[in-house]
Amino acid sequence: MCSINLEDYFIKEIKNLSDKKIMFWGASNFLKDILSIEKFPNVCGIIDKDITRQNKEFCGYKIYSPDILDGMWPDVVIMSVKSNNQYVYNMIKDYLKKCPYIKLYKNLFYSYYEYINTPKYYCPFCHKDEYFEDYGTPVRKNVMCLNCGSMERHRFLYYVYQKHIFNKLTERISVLHTAPEKSIYNLFTDNDQINYVSIDLDPSRYPYAKDILKMNVLDLKFDDNKFDFIISNHVVEHIEDEELFFKELTRVLKPDGKIILTAPYDNNLEKTFDDSSIVTPEDRLKYYGQEDHVRLYGRDIYERFKKYGKVEVVNSDFISEDLCKKMNIGKSQRTAIIISKNK
Ligand SMILES: [Zn+2]
């Protein structure tokens with residue numbers, strides 16, 4: 001999956017930043033491999049929390065404790081760490097706050113932090129301003145909350161769920177969540193008025209979801225008319241049999257229940273595009289925008305879904321533009337579809 005050579009990548013980055021003073025975070029074997037290849041005049045040291053390493057030489061560079069760097073932080077700190085390593089993020093975050101200039105980039109499974117002007121944004125799940133990571137292909141700047149992992153569409157959905165679910169809670173309700181995103185999972189499991197069930201074909205992808213059930217969304221092991229709400233984000237574009245997907249979801253939905261769904265669609269495309277000869281990951285990426293998508297929805301997505309129930313389109317009308325900007329949610333990320341069951 002990770003096809004680039006990481007050493008080459010970081011060496012290129014160090015050279016690109018030749019006018020910046022750089023420190024590395026962590027005296028690792030990986031760093032030793034890079035620093036033993038050549039000398040870099042713009043690298044001015046290494047930061048490491050391990051006191052047994054501090055004040056020693058490492059490949060000709062001095063190792064500093066992060067605690068003594070006040071007033072002498074470099075322009076850029078580069079760290080190589082698995083991008084989903086929340087523990088490291090949380091640990092380093094407090095140190096990063098000491099410097100008013102922060103930028104976080106992400107490269108596949110690895111991240112590095114660059115200290116230049118970057119604002120914080122508001123995360124409704126975290127109830128505070130946070131640093132947001134760059135994410136996506138092509139990359140979108142400052143979109144993923146560093147604390148909870150929420151993306152633009154999740155922050156939009158936070159308000160959709162408040163309006164359509166949480167603000168209307170009068171009695172216990174049942175909610176089914178397919179492919180549960182962490183921020184949304186936490187939001188629903190924190191509310192004791194909700195019987196919440198999450199499912200996925202591969203539960204190992206959701207280490208935070210302790211009680212997630214292994215289940216195929218096309219073969220739900222639930223009785224008919226069980227759930228008040230089904231939430232499903234960016235799932236349907238992966239499902240070959242769209243009709244069976246909605247048949248199963250509406251089967252387990254109560255007569256007054258609602259599916260709240262998001263799916264990527266191309267506003268420039270009049271009609272949804274799929275072609276049964278497009279099967280390889282390369283072709284799917286080329287024609288559908290992602291290696292595991294099976295169609296590219298167009299502007300007809302709402303008309304198309306009408307055959308599965310009553311369709312209501314939810315946009316950001318009820319959220320102020322100012323708040324959307326504070327949460328860095330682009331206009332294209334502010335659509336959800338509510339589908340009510342045909343009775
Ligand atoms: Zn957050």
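Just so it is clear, none of the values below were taken in a lab; they were calculated from the coordinates. Fair warning: this is a prediction, and the values are worked out from it, not measured in the lab. Quick reminder, even Gly has a Cβ in these numbers, built from the backbone with ideal geometry, and neighbours come from all protein chains shown.
The table for this structure:
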{"read-out": "Using alpha carbons only: equivalent-ellipsoid semi-axes of the chain, gyration tensor based, whole Å", "value": "43, 22, 19"}
{"read-out": "Distance violations [Cα-Cα > 22 Å] among Lys12/Lys39; Lys49/Lys141; Lys182/Lys306; Lys214/Lys286; Lys128/Lys182; Lys210/Lys310", "value": "Lys49/Lys141; Lys182/Lys306; Lys214/Lys286; Lys210/Lys310"}
{"read-out": "Amide N of segment 151-189 lying under 14 Å from the label point, which is placed 7 angstrom from the Cα of Asp211 along Cα→Cβ", "value": "173-177, 185-189"}
{"read-out": "Interchain or long-range residues, amide H under 5 Å from Leu201's placed H", "value": "Met215"}
{"read-out": "Under 5 Å, built H, 5+ apart or other chain: amide partners of Asn142", "value": "Asp134, Tyr135"}
{"read-out": "Estimated vicinal HN-Hα couplings, Hz - segment 194-204 in sequence order (Karplus 6.51, -1.76, 1.60; Gly, Pro = x)", "value": "10, 7, 10, 10, 10, 9, 6, 5, 10, x, 5"}
{"read-out": "Under the Karplus curve 6.51 cos²θ - 1.76 cosθ + 1.60, θ = phi - 60°, whole-Hz ³J(HN,Hα) for segment 322-328, x wherever Gly or Pro sits", "value": "4, 5, 4, 5, 4, 9, 6"}
{"read-out": "Furthest towards positive pole of dipole, Ile230, Phe305, Leu249, structure part the chain, Cβ charges", "value": "Ile230"}
{"read-out": "Trypsin sites (Lys or Arg not before Pro) lying in DSSP loop within segment 166-261, provided at most 12 other Cβ fall within 10 Å", "value": "Arg172, Lys210, Lys221"}
{"read-out": "Cut-off under 5 Å, modelled amide H: who pairs with Lys258 long-range", "value": "Phe229, Ile230"}
{"read-out": "DSSP bridge orientation in segment 185-343 - percent antiparallel, rounded to nearest 5", "value": "55"}
{"read-out": "Beta bridge orientation in the chain: antiparallel %, DSSP, nearest 5", "value": "45"}
{"read-out": "Structure-based [θ]222 nm, the chain - -39500 (n - 2.57) summed over DSSP H runs of at least 4, per residue, nearest 500", "value": "-6500 deg cm²/dmol"}
{"read-out": "Cα gyration tensor shape of segment 201-343, rounded if a/c is under 1.5, else prolate or oblate by comparing a/b with b/c", "value": "rounded"}
{"read-out": "Per-residue ³J(HN,Hα) for segment 270-276, Karplus 6.51 cos²θ - 1.76 cosθ + 1.60, θ = phi - 60°, Hz, x for Gly and Pro", "value": "6, 10, 3, 10, 8, 8, 5"}
{"read-out": "Segment 155-243: GluC sites (Glu not before Pro) falling in loop per DSSP and having at most 16 other Cβ within 10 Å", "value": "Glu171, Glu240"}
{"read-out": "Mean separation of Cα contacts under 8 Å (6+ apart) over length of the chain, as relative contact order %", "value": "10"}
